[in-house]
Amino acid sequence: MAVIIECPNKIEAHENAQNVNLFLAGGISNVPDWHSYVIRKLKDIKNLTIYNPRRQFFDTENKSLTEEQIIWEYEQLKNADIISFWFAKETLNPITLYELGKWANSTQKKIVIGIENGYARKDDVIIQTKLARSDIKHFSTNLDDLCTEIVAKVTKIS
């Protein structure tokens, strides 16, 4: 069974040494709870830790929670073996665009990208990503395909 870590929770590195670390990057505000769907699809994978930034309860007016959220996400992204990006059509996902730019251009992390049909900046994401990372050739258009790509990456690492 996969280990699921929801923000703001953490796990000690020695408790997780054998696992592949996956971060679910993508919209949280004003989008359906796609995180839960992906977790349900991946929960039976051994040696996988999934870092889920979507909290069950989050007060957007609480500035200390906002800072805690940003720091938690940054740390988990930095420590991830695989970052999965999902661009939902309901919003431009500005933070997700920033994270993709940072992590796709500054490291050789394993990256999986899904772009929902109807996402307004789909071409921008594809073109910019291909310029930065010629090794990324597949862009899933639905969560099932994204999960298939994640499983393939996890299998290669573990």
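Derivation of every value follows stated rules applied to the coordinates shown; laboratory data play no part. All values reported here derive from a predicted model rather than from experimental measurement. Cβ sites come from the backbone with ideal geometry, for glycine too, and all protein chains shown count toward neighbours.
Structure values in brief
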quantity: Förster radius 22 Å - calculated FRET efficiency between Thr141 and Lys43, Cβ distance, rounded to 0.05; calculated: 0.45
quantity: Sorted by Cβ density within 10 Å, fewest first, the residues Ser140, Ser158; calculated: Ser158, Ser140
quantity: Karplus (6.51, -1.76, 1.60) ³J(HN,Hα), θ = phi - 60°, over the range 33-47, in Hz, Gly and Pro reported as x; calculated: 6, 6, 4, 4, 4, 4, 4, 4, 6, 10, 4, 8, 7, 6, 6
quantity: The range 10-118, dipole about Cα centre (Lys/Arg Cβ +1, Asp/Glu Cβ -1), debye to the nearest 20; calculated: 380
quantity: Cα-based shape type of the range 1-50, given that a ≥ b ≥ c are square roots of the gyration tensor eigenvalues and the cut on a/c is 1.5; calculated: oblate
quantity: Distance from the range 76-151 to the range 1-74 (C-alpha centre basis), Å; calculated: 17
quantity: Where labels lie 7 Å past Cα in the beta-carbon direction, separation of Val3 and Ala152 in nm; calculated: 2.8
quantity: Structure-derived mean projected area of the Cα convex hull in nm² - corresponding label in (i) 11.9; (ii) 8.8; (iii) 8.1; calculated: (ii)
quantity: For Gly26, residues with placed amide H under 5 Å, excluding near neighbours; calculated: Trp86
quantity: Stretch gain in nm, segment Lys102-Arg55, where the contour uses 0.36 nm per residue and the Cα spacing is subtracted; calculated: 14.6 nm
quantity: Cβ-defined net charge surrounding Arg40, 13 Å radius [Lys, Arg +1; Asp, Glu -1]; calculated: -1
quantity: Cut-off 13 Å between beta-carbons: net charge of the residues surrounding Thr66, Lys and Arg +1, Asp and Glu -1; calculated: -3
